[in-house]
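These notes are about the structure you will find just below.
The values are calculated or read from the model by the stated rules, or taken from the named source; none is laboratory data. Keep in mind the model is a prediction, meaning the values are calculated, not measured. In this analysis, Cβ positions are derived from the backbone assuming ideal geometry, glycine residues included, and neighbour counts consider all displayed protein chains. The area values use the complete protein model at the heavy-atom level, side chains included, leaving out ligands, DNA and RNA. Shrake-Rupley method; radii C 1.70, N 1.55, O 1.52, S 1.80 Å.
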Amino acid sequence: MDDAEITIGPVDLAARVDEALAVQALAFGLSDDEVAVRHHIVLRHLNNPGARAYGATTPEGRLVGFVYGMPNDRTHWWSTVVEPYLRANGNDGWLDESFVITELHVHPAHQGRGLGRRLITTITDLAAEPRSILSAIDTESPARGLYRSLGYSDLARRVHFPSAARPYAVMGAPLPLLRRTDFSEPGKPG
């Protein structure tokens with residue numbers, strides 16, 4: 001399928017949570033038990049003020065990617081875990097006035113074609129906050145490369161979440177995120 005035919009738009013993630021988690025399971029390698037736990041987490045996240053979700057949908061209506069996030073709140077579990085790591089690096093101010101990307105996943109058959117870029121720029125373009133934060137597995141990967149190309153940089157590394165076997169990195173970027181054309185402008189990284 002030509003990914004140009006895929007539409008990026010708002011998605012009722014609560015209604016399509018099973019379909020979205022099937023994409024995440026393939027993209028992220030989740031077990032059935034992990035999917036079951038995340039089902040409840042996603043639904044809980046969507047109740048937070050300002051939470052929104054976007055999907056990448058085929059002409060037939062199949063979800064092949066999704067992103068969701070919300071304005072960050074220092075009292076949320078994620079923030080309480082990452083705050084000491086950010087503080088140790090002098091970056092805990094990033095937890096304020098930030099839009100957090102909670103999840104971003106693209107079906108493996110559609111990865112590497114710009115859908116993740118389209119999803120994350122679409123959701124952050126609507127953010128009222130001046131910056132965005134996220135966490136990603138702390139290893140060199142296509143996802144980390146994508147985030148860097150959008151202007152995200154490491155704020156803390158080797159962040160350990162209680163239930164995760166591998167360490168994560170917390171990354172942050174000013175909004176709006178960089179576009180590919182930004183790299184050719186003088187003074188821009190590239």
- Check off (1) aliphatic (A, V, I, L, M); (2) more than 25 Å from residue 154 (Cβ to Cβ); (3) open to solvent by less than 30 Å² (accessible area, probe 1.4 Å); (4) free of Cβ contacts under 8 Å to residues at least 60 places away in the same chain for residue 37 and give me the number that stays unchecked. (3)
- Task: Mind telling me which of the residues 156, 128, 173, 169 ends up being of a type in the set (A, V, I, L, M, F, W, C), at pLDDT 95 or above and assigned to a loop (DSSP other than H, G, I, E, B)?
- Result: 128
- Looking at (1) at pLDDT 95 or above; (2) open to solvent by 60 Å² or more (accessible area, probe 1.4 Å); (3) aliphatic (A, V, I, L, M), find the lone condition where residue 150 falls short. (2)
- Output yes when any residue across the stretch 144-162 is touching a Gly at 6+ places or on another chain (Cβ under 6 Å), aromatic (Phe, Trp, Tyr) and more than 25 Å from residue 58 (Cβ to Cβ), and no when none is. no
